[in-house]
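As structure tokens, the structure follows; a few thoughts come after it.
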Amino acid sequence: MTPERTAALLGFIQLADRLKHVLRASRSIGPDGASRRENAGEHAWHVALVAVLLHGEVSPAPDLARVLSMIAIHDLVEIEAGDTFAFDEQGLLTQAERERDAARRVFGALPDDLGPPLRAMWEEFEAQETPEARFAMGCDRLQGFAQQVGCGAPAWAEVGLTRARSLVRMGPAIRLGPPFAPLIEALYERAMAQGLLRP
């Protein structure tokens, strides 16, 4: 390995560590309750765990290695673009442009044999055109929804989130069918019973 490649790889590993400092709207569910905001690095780990757990529930099973790779990189753009809460109407207006610009900078920090393929994988996740991308998206949406239900959904309360508005976000994951649809429906039942979503 050349000194330049060594420096580039170590630099990117350190750059990626910044994802642990990108805070999300949901809160971490700890032994003391939902005491702090979840960060995007924790989110990515949790989504990966969901993928491992649910992979055997899907037929035909997607390529798990590809799914996990996609999950590991799907939020790296947030290092530069920040996390956009799914129900932040103003933030959503500029999210795609901010994330495209961030992808250019973040993946551009990698050597030429790694940056373009990882950016292509990020774009595959965003486009939702392959079974792996759709499965990864389902895991991502399920984790975020479960996290909100588990922490009491203070971020939903701030925007007065309704079930109907939530279904716009969760619809693509629900339409994937099992295992996502029954798990998400169980979460909706909990959310409605606890008053976390407005009717």
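Is the stretch 70-84 home to any residue that is in contact (Cβ under 8 Å) with a residue 40 or more places away in the chain and more than 14 Å from the chain's Cα centre (by Cα)?
The answer is no; no qualifying residue exists.
Contact list please: Cβ distance under 6 Å, first residue in the stretch 144-166 and farther than 16 Å from Asp83 by Cβ, second residue part of a helix (DSSP H, G or I) and basic (Lys, Arg), pairs at least six apart or on different chains.
Within 6 Å, the pairs are Val149/Arg190.
What single numbered condition from (1) among the charged types (D, E, K, R); (2) touching a residue at least 12 places away in the same chain (Cβ under 8 Å); (3) closer than 27 Å to Gln148 by Cα fails to hold for Arg105?
(3)
So which of Gln95, Gln128 is without any contact (Cβ under 8 Å) to a residue 60 or more places away in the chain and on the phi > 0 side of the Ramachandran plot?
Gln128
With a cut-off of at least 1 residues that are at pLDDT below 95, within 19 Å of the chain's Cα centre (by Cα) and surrounded by fewer than 21 Cβ atoms within 10 Å (Cβ to Cβ), name the helices (runs of 4 or more DSSP H) lying wholly within the stretch 91-199.
Passing ranges, in order: 131-151, 154-159.
Within the stretch 47-60, identify whether any single residue is of a type in the set (D, E, K, R) and within 22 Å of Ala120 (Cβ to Cβ), and answer yes or no.
There is no residue in the stretch 47-60 that is of a type in the set (D, E, K, R) and within 22 Å of Ala120 (Cβ to Cβ).
For residues that are in a strand (DSSP E or B) and in contact with an Asp or Glu (Cβ under 7 Å, 6 or more places away or on another chain), scanning just the stretch 24-52, find the one that is surrounded by the fewest Cβ atoms within 10 Å (Cβ to Cβ).
Ser28
Confirm whether Asp75 is closer than 19 Å to Ala103 by Cα, surrounded by 14 or more Cβ atoms within 10 Å (Cβ to Cβ) and not basic (Lys, Arg).
Yes: the conditions hold for Asp75.
Is it true that some residue in the stretch 56-68 is part of a helix (DSSP H, G or I), loosely packed, with under 15 Cβ neighbours inside 10 Å and of a type in the set (D, E, K, R)?
yes
The values are calculated or read from the model by the stated rules, or taken from the named source; none is laboratory data. Here the structure is a predicted model, which is why all the values come from computation and not from measurement. Ideal geometry is used to build each Cβ from the backbone, glycine not excepted, and the neighbour counts take in all protein chains shown.
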